[in-house]
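Below: one structure, written as structure tokens.
The values are calculated or read from the model by the stated rules, or taken from the named source; none is laboratory data. Not measured: the values here are computed from a predicted model. Glycine also receives a Cβ, built like all others from the backbone with ideal geometry; neighbour counts cover every protein chain displayed. For accessibility, only protein heavy atoms count, side chains too; no ligands or nucleic acids. Shrake-Rupley method; radii C 1.70, N 1.55, O 1.52, S 1.80 Å.
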Amino acid sequence: MEKDQIILGIETSCDETAAAVIKNGKEILSNVVASQIESHKRFGGVVPEIASRHHVEQMTIVLEEALNQAGIGYSDIDAIAVTEGPGLVGALLIGVNAAKAIAFAHNIPLVGVHHIAGHIYANRLVTEMKFPALSLVVSGGHTELVLLKEHGDFTVIGETRDDAAGEAYDKVARTLHLPYPGGPHIDRLAHEGNPSLKLPRAWLEGSYDFSFSGLKSAVINTLHNAEQRGENIEPADLAASFQESVIEVLVTKTLQAAQAYDVKQVLLAGGVAANKGLRAALTDGFESLSDIELVVPPLYLCTDNAAMIAAAGSVLFQKGKRSSLALNGNPGLDIEQSMF
Amino acid sequence: MTVLAIDTSNFSLGIALAKGDQVIGEYITNIKKNHSLRVMPAIERLVGDCDLKTADLKKIVVARGPGSYTGVRIGVTIAKTLAWTLNIPLAGVSSLEFLAANGRYFTGIVSPLFDARRGQIFTGLYRFNGNRLETILEDTNMLATEWAGKIKQYNQPVLFIGNDTPLHKEALQNILGDAAFFAPPALYNPRPGELALLGMEKEGEDIHSFVPNYVRLAEAEAKWLGQQRD
Ligand SMILES: [Zn+2]
């Protein structure tokens, strides 16, 4: 019998300080996340300097808890996987330098991981991946369709040309005076309202790219015009109409790409994957396509965590990727270049 | 006891290894290059050159600021993580205090400084009592001119040290006149060997709760606190 592969994962790209231990790329032994959301609520968004300060306060506490819960020692760890980018540079540096310190102290191999590769590999903690696979990545900073021909082989076939879906959610939430973070509030409101308002969909025919800035402006204009006419718009209806537009485009493009590339699996990834409306619409959409398996990770694996970074790191490590002690945070890291 | 000292709090990067009362290895650069990329390779190199293994390290000492927010966090993160993972004590030393140590033979008071932009400096006031370095005024952040006015009242010769002193020399001299002395450039760099020896004497602190001394609040937090008071 082969020895189990144990990976320690570290993630600090935004406002969660996270560490996790996983076995053989698939099994979570521990998954610890210290969220800073309460601190950033005061400012109505993530403040990079504050995020970095919190990461320094939390990093060793989170690491200790992850190792204790997993019940492993340093000699059990095959590699340390850490998010090297993209993300907030000052935040990334905390995880990267903590990872390098442990790697140096115990002579453990180090593997830099792309944050989005991590989100995609959260799916491998749910079920084994089958290729080719298509991943719909939707988060605060990303809206992408990524094709995986095999493990660790990423091709971006579509991406947003302006705002990420999550960004549009946050801006619309602010317009509706909803508290930060706005995404879950819009999702909740949308279920109470009717999608009765006409809002645009950016189809960008002939490509799998997305665009949400026009929709965002349309929402703001609709509210503004109604105000000028002295009419009242039900926030729930506006939220429902906005959400319907976003989801219709996301689901339609994902369905088209999945069929065009003849994929075996569609993997939902990223923080916006927690959106109930999106989950329901995707499930509906793929119901009739019985030869394509739709994988939707549980909520705690969709938001930022280190188990997903360890899962991606597990595959990269197996494929021979090694990072040196000169590894640095890279806020603009490209997923297609991130393999080696 | 073998101590590893790390300073990335300002422009210069410093690593030292001290054993007993001897500095056995020291590395300093004062160039515009990325600290995050370079510190760990520098530590690995120095430890290797001194024929040591990580298991030989018995204490970690780190410059805890003030300085560049990002810079000081890089050193503190590495120091905290090393101390925690090797299960050895961690001591912090003010980045200004060990720079003040370069003024060891000056009879008077010592004001080490780092530029803090817009005419401001990070500084503190120190004095040697025999071989012991004493703090007279805690590390702070203020306009160089305001600081000069504050130390004028001590009526003593004062030595300014640090790579950023030329930026503020004129302002300080205008107020302090002949009482202001300026260290020669060879003494500008904070010396990691001094950091190691000062840290060796200090008690270990709780590793998890160890934080940099930023001296200043984050801008967003200061603004938020201001709004709460209004
Ligand atoms: Zn993310």
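Accessible surface computed residue by residue for region A:59-123, with neighbouring protein chains in place and a 1.4 Å probe, gives 23 Å² per residue.
Here the contact order of chain B, divided by its residue count and restricted to Cα pairs under 8 Å and six or more residues apart, works out to 24 percent.
One Cα centroid belongs to region A:54-93, the other to region B:65-79; the line between them spans 18 Å.
Each Lys and Arg adds +1 at its Cβ and each Asp and Glu adds -1 at its Cβ; summed about the Cα centre, region B:96-187 shows a dipole of about 100 debye. Relative to the 2.2 N^0.38 Å rule of thumb, region A:209-269 has a C-alpha radius of gyration ratio of 1.53. From the alpha carbon centroid of region A:148-224 to that of region B:174-229 is 45 Å. Centre-to-centre separation between the Cα atoms of region A:240-309 and those of region B:14-51: 49 Å. In this structure, the residue pairs whose Cα-Cα separation is over 21 Å, taken from A:Lys23/B:Lys53; B:Lys19/B:Lys202; A:Lys3/A:Lys23; B:Lys32/B:Lys202; A:Lys3/B:Lys80, are A:Lys23/B:Lys53; B:Lys32/B:Lys202; A:Lys3/B:Lys80.
For region B:96-187, the share of accessible area belonging to carbon and sulfur comes to 47 percent (1.4 Å probe, ligands and nucleic acids excluded). Taken over the C-alpha atoms, chain A has Rg and Dmax values of 20.3, 74 angstrom. Sorted largest first, the spans of the alpha carbon positions of region A:129-296 along the three principal axes are 55, 28, 27 Å. Counting only residues at least eight positions apart within a chain, or on another chain, the aspartates and glutamates with an alpha carbon under 13 Å from that of A:Lys264 are A:Glu128, A:Glu150, A:Asp291, A:Glu293. Rg and Dmax of chain B, based on Cα coordinates, read 17.8, 59 Å. Across all C-alpha atoms in the protein assembly as shown, the radius of gyration and Dmax reach 27.1, 88 Å. In region A:129-296, a dipole from Cβ-located charges (positive for Lys and Arg, negative for Asp and Glu) runs towards its positive end, and of A:Val137, A:Leu282, A:Ala168 it is A:Ala168 whose Cα lies farthest in that direction.
Only bridges whose two residues both fall in chain A count here: according to DSSP, what percent of them are antiparallel, nearest 5? Of all bridge pairs located within chain A, approximately 60 percent are antiparallel. Of the beta bridges in region A:129-296, as assigned by DSSP with both residues counted there, near 55 percent are antiparallel. Projecting each Cα onto the charge dipole of the protein assembly as shown (Lys/Arg +1, Asp/Glu -1 at the beta carbon, about the Cα centre), which of B:Val76, A:His177, B:Leu46 comes out farthest on the positive side? Projecting each Cα onto the dipole axis, the largest value belongs to B:Leu46. Determine the shape class of region B:96-187: with a ≥ b ≥ c the square roots of the Cα gyration tensor eigenvalues, call it rounded for a/c under 1.5, and otherwise prolate if a/b is greater than b/c, oblate otherwise. Here region B:96-187 falls in the rounded category. Relative to the globular-protein estimate of 2.2 N^0.38 Å, the Cα radius of gyration of region B:60-126 stands at 1.29. Put a plus charge on the Cβ of each Lys and Arg, a minus charge on the Cβ of each Asp and Glu, and nothing anywhere else: the dipole of region A:129-296 about its Cα centre is then about 180 debye. Within a straight-line Cα-Cα reach of under 23 Å, B:Lys150 can be paired with the following lysines, leaving aside sequence neighbours fewer than 8 residues apart in one chain: B:Lys169. Separation of the alpha carbons by more than 31 angstrom is noted, of A:Lys100/A:Lys319; A:Lys41/A:Lys321; A:Lys41/B:Lys33, for A:Lys41/A:Lys321; A:Lys41/B:Lys33. Taking all protein chains into account, the per residue accessible area for region A:129-296 stands at 44 Å² (1.4 Å probe). In a reduced charge model with +1 at each Lys and Arg Cβ and -1 at each Asp and Glu Cβ, chain A shows a dipole moment near 300 debye about its Cα centre. Once you sort the root eigenvalues of the Cα gyration tensor of region B:24-95 as a ≥ b ≥ c, which label holds: rounded (a/c under 1.5), prolate (a/b larger than b/c) or oblate (the other case)? In terms of gyration-tensor shape, oblate.
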